[in-house]
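K.L.:
Below is the structure I would like to discuss, written out as structure tokens.
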Amino acid sequence: LARPGVDTAAGEEFLRAAVAVLLEDAVRRGTDVTQKVCEWKEPAELRELLDLELREQGEPGGRLLRRCRDLVRYSVKTGHPRFFNQLFSGLDHHALAGRLLTEALNTSQATYEIAPVFVLMEEVVLAKLRELVGWSGGDGIFAPGTLSPALSPALSPAWCLATPGDCPCAPAGGSMSNMYAMNVARFHRFPHSRQSGNWALPRLVLFASHESHYSVLKGAAFLGIGTDNVRLVGTDDRGKMIPEELEKEIERVKAEGAQPFFVCATCGTTVLGAFDPLGAIADVCQRHGLWLHVDAAWGGSALLSGKHRHLLAGIERRDLGTRRVPHKRPLPHRADSVAWNPHKMLTVGLQCSAFLLRDGSGLLQRCHAAGATYLFQTDKFYDVAYDTGDKTPQCGRRVDCLKLWLLWKAAGTQGLARRVERAFACTRYLAEQVKRRDGFQLVLEPEFINLCFWFVPPSLRGREGSPDYWLKLGKVAPAIKERMMKKGSMMVGYQPHGARVNFFRQIVTSPAVTKADLDFFLDEIERLGRDL
């Protein structure tokens, strides 16, 4: 005990070398358009290549560095300009610096005494996000989620092999924000639910559209509300909730003797990128006294753009212009809470998910606080209002505000708006190219930056009336996806949707993507699928 139990000099030497690997292999090569997006290996082969086993004795630094290089080599490069697979992509150097600083400082954002800088920083960032929503006050918190991009074996095979069973269904931050919203809404309506639980409540029912995120169902199960008490409301042909159908469902639930309490509207559905009509939905919620939560995890960043924030019209309370109008009242508040994931469209990096609350009375604290006296002592020498950790069910809480703050400082609000508008421009360009090219067919005209389309190979063109046409077309996207991943040229997602057979869903969020990358994307789809 007379000397440290670690070799600091050796540790710093390894860290310098590891950072060099990070910069060269993960950052430079990982974002180089001439390099592969992925180097695909089947699980058994990848296990052998990585040697993931943990042993009794440690390994020398040189071997560890080789392992670091291998981990990067066989991981998917989500910062690559031709990675279009997820709702997040790209690499921002300022945000990455914030992420590295977060890891190095290794603190918990629970109390001011242990995270003074970040408590103040989070307060400023959340206030700015609420301002963009249209609220002058309120509350909020950054929600937890997966700490790595291990959402599927295809996306992150090395992580999935190391932690099988954990990664595919770990809830992301937007999912947790939706669960927070349900919990706060239930507490707001029934404050005694904290102590008495669901046994003391009427049967609660919540509403979301058929296109809503699966976290709504997971949240209902997790909170004991039950998936049977989630009513999925019908949507139109573009995937938007139909307000009239919502009202019918509410009346139906009331007639059953159950208690409606919560509506989740979606701004930016996962597949089609649809935005629910918030104004009309808010009117329904106001008539029935229901909490309106807006899941804008995907589409929230459109609020940064003056050109595109109209997609979320109705999320905020707006006075009737700047001039006072006689005998006119301000419009009522609309959304009660909002989920917004800057890690998606703004290239902040996983995880950065904000739960925003219009209420500023301390509702979030009252709903979740446990008042642990070893953390939240009331006789501290500073203002304990800055101890924000009891606003969440968590104890230790990762700092998720720094990377967004540093990016925002570097780019400014105008710079972030330009990123959003560039993403829209990429989608518009691609949509026009799809319309002009033989064999490409839009599923629907994009409203957001979700570009959904089929590629029809030459063998199927002109055979739309054949009885097996759609069955065969549904096999095209999976076959092309397999070929592109084994080649390593790019990545894009596909899925069926209702009665529609498999189609591609292309997403551009990275500001590094150029017109040449978009042209390559369509050319590559055609090259890989022309013989199918």
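The values are calculated or read from the model by the stated rules, or taken from the named source; none is laboratory data. The model shown is predicted, which means the values in this text are computed figures rather than measured ones. When we count neighbours, we look across all protein chains shown, and the Cβ atoms used for this are built from the backbone with ideal geometry, even at glycine. Remember, those area values only see protein heavy atoms, side chains included, never the ligands or the DNA or RNA. Shrake-Rupley method; radii C 1.70, N 1.55, O 1.52, S 1.80 Å.
K.L.:
Scan the stretch 295-315 for residues that are outside any loop (DSSP other than H, G, I, E, B) and touching a Gly at 6+ places or on another chain (Cβ under 8 Å) and jot them down. Break it down into steps so the answer makes sense when it comes.
P.N.:
Of all residues in the stretch 295-315, those outside any loop (DSSP other than H, G, I, E, B) come to 295, 300-304, 309-312.
If the condition is that a residue be outside any loop (DSSP other than H, G, I, E, B) and touching a Gly at 6+ places or on another chain (Cβ under 8 Å), then ASP295, GLY300, ALA302, LEU311, LEU312 are the ones that fit.
K.L.:
Condition first: farther than 30 Å from ALA10 by Cβ, touching a residue at least 60 places away in the same chain (Cβ under 8 Å) and open to solvent by 20 Å² or more (accessible area, probe 1.4 Å). Can you find one or more residues in the stretch 52-69 that meet it?
P.N.:
Here is the first cut: in the stretch 52-69, the ones farther than 30 Å from ALA10 by Cβ are none.
Checking the stretch 52-69: not a single residue is farther than 30 Å from ALA10 by Cβ, touching a residue at least 60 places away in the same chain (Cβ under 8 Å) and open to solvent by 20 Å² or more (accessible area, probe 1.4 Å).
K.L.:
Quickly run through the stretch 361-405 and pick out the residues that are of a type in the set (Phe, Trp, Tyr) and farther than 24 Å from ASN106 by Cβ. Before you say what the answer is, go through the steps one by one.
P.N.:
Step one: filter the stretch 361-405 for residues of a type in the set (Phe, Trp, Tyr), giving 374, 376, 381-382, 386, 405.
Of everything in the stretch 361-405, just one residue is of a type in the set (Phe, Trp, Tyr) and farther than 24 Å from ASN106 by Cβ, namely PHE381.
K.L.:
Among (1) modelled with pLDDT under 95; (2) assigned to a helix (DSSP H, G or I); (3) open to solvent by 30 Å² or more (accessible area, probe 1.4 Å), there is one condition CYS160 misses while meeting the rest; what is its number?
P.N.:
Every condition holds for CYS160 apart from (3).
K.L.:
Please go through the stretch 285-305 and pick out each residue that is open to solvent by 10 Å² or more (accessible area, probe 1.4 Å) and within 11 Å of PHE261 (Cα to Cα).
P.N.:
HIS288, GLY289, LEU290, TRP291
K.L.:
May I pose another question? For LEU375, state whether it is open to solvent by 30 Å² or more (accessible area, probe 1.4 Å), within 30 Å of CYS267 (Cβ to Cβ) and at pLDDT below 95. Step through it out loud before you land on a result.
P.N.:
Working: open to solvent by 30 Å² or more (accessible area, probe 1.4 Å): yes; within 30 Å of CYS267 (Cβ to Cβ): no; at pLDDT below 95: yes.
Spelling it out, it is not the case that LEU375 is open to solvent by 30 Å² or more (accessible area, probe 1.4 Å), within 30 Å of CYS267 (Cβ to Cβ) and at pLDDT below 95.
K.L.:
Within the stretch 85-106, how many residues turn out to be in contact (Cβ under 8 Å) with a residue 12 or more places away in the chain and either open to solvent by 80 Å² or more (accessible area, probe 1.4 Å) or assigned by the TED database to the domain that holds ALA18 (or both)? Full working, then the answer.
P.N.:
Within the stretch 85-106, the subset in contact (Cβ under 8 Å) with a residue 12 or more places away in the chain is 85-99, 101-102, 105.
Adding the requirement that they be either open to solvent by 80 Å² or more (accessible area, probe 1.4 Å) or assigned by the TED database to the domain that holds ALA18 (or both) leaves 93-94, 101, 105.
Of the residues in that region, 4 qualify.
K.L.:
Any residue at all in the stretch 419-439 that's in contact (Cβ under 8 Å) with a residue 12 or more places away in the chain, surrounded by fewer than 17 Cβ atoms within 10 Å (Cβ to Cβ) and touching a His at 6+ places or on another chain (Cβ under 8 Å)?
P.N.:
Scanning the stretch 419-439, I find at least one residue that is in contact (Cβ under 8 Å) with a residue 12 or more places away in the chain, surrounded by fewer than 17 Cβ atoms within 10 Å (Cβ to Cβ) and touching a His at 6+ places or on another chain (Cβ under 8 Å), so the answer is yes.
K.L.:
Taking the stretch 454-497, which residues are assigned to a strand (DSSP E or B) and in contact (Cβ under 8 Å) with a residue 24 or more places away in the chain?
P.N.:
If we filter the stretch 454-497 for residues that are assigned to a strand (DSSP E or B), which is where we start, we get 454-455, 491-497.
The answer is TRP454, PHE455, MET491, VAL492, GLY493, GLN495, HIS497.
K.L.:
Taking the condition of being assigned to a helix (DSSP H, G or I) and either open to solvent by less than 30 Å² (accessible area, probe 1.4 Å) or outside the structural domain of ALA220 (by the TED database) (or both), how many residues in the stretch 184-201 meet it? Reasoning before the result, please.
P.N.:
Just the residues of the stretch 184-201 that are assigned to a helix (DSSP H, G or I), to begin with: 184-189, 193-196, 198-200.
Those still in the list that are either open to solvent by less than 30 Å² (accessible area, probe 1.4 Å) or outside the structural domain of ALA220 (by the TED database) (or both) too: 184-187, 193.
The number of residues fulfilling the criteria is 5.
K.L.:
Which residue pairs have Cβ atoms under 7 Å apart, sit 6 or more places apart or on different chains, and have a first residue in the stretch 4-33 that is surrounded by 13 or more Cβ atoms within 10 Å (Cβ to Cβ) and a second that is basic (Lys, Arg) and not in a helix (DSSP H, G or I)?
P.N.:
Pairs found: GLY30/LYS77; VAL33/ARG82.
K.L.:
Filter the stretch 319-342 down to the residues that are surrounded by 13 or more Cβ atoms within 10 Å (Cβ to Cβ) and at pLDDT below 95, then identify the one that is farthest from GLY268 (Cα to Cα). Before the answer, list the steps.
P.N.:
Applying the first criterion (surrounded by 13 or more Cβ atoms within 10 Å (Cβ to Cβ)) to the stretch 319-342 yields 331, 333-342.
From what's left, at pLDDT below 95: 331, 333-334.
Values: LEU331: 24, HIS333: 21, ARG334: 18 Å.
Ranking the candidates gives LEU331 first.
K.L.:
Looking for something outside any loop (DSSP other than H, G, I, E, B), over 25 Å from LYS344 (Cα atoms) and open to solvent by less than 40 Å² (accessible area, probe 1.4 Å) - is there at least one such residue anywhere in the stretch 240-248? Even if it seems obvious, please write down each step before you answer.
P.N.:
Of the stretch 240-248, the ones outside any loop (DSSP other than H, G, I, E, B) are 241, 243-248.
Among the residues that remain, those that are also over 25 Å from LYS344 (Cα atoms) are: 243-248.
Next cut, open to solvent by less than 40 Å² (accessible area, probe 1.4 Å) only: 243, 246.
Within the stretch 240-248 (the criterion being outside any loop (DSSP other than H, G, I, E, B), over 25 Å from LYS344 (Cα atoms) and open to solvent by less than 40 Å² (accessible area, probe 1.4 Å)), the answer is yes, since at least one residue qualifies.
Rundown of residues vs (1) in contact with a Lys or Arg (Cβ under 9 Å, 6 or more places away or on another chain); (2) closer than 27 Å to GLY140 by Cα; (3) of a type in the set (Gly, Ala, Ser), yes/no style:
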{"site": "ARG66", "(1), (2), (3)": "no, no, no"}
{"site": "ARG69", "(1), (2), (3)": "no, no, no"}
{"site": "VAL72", "(1), (2), (3)": "yes, no, no"}
{"site": "VAL76", "(1), (2), (3)": "no, no, no"}
{"site": "PHE83", "(1), (2), (3)": "yes, no, no"}
{"site": "LEU96", "(1), (2), (3)": "yes, yes, no"}
{"site": "LEU105", "(1), (2), (3)": "no, yes, no"}
{"site": "SER108", "(1), (2), (3)": "yes, yes, yes"}
{"site": "GLU113", "(1), (2), (3)": "yes, yes, no"}
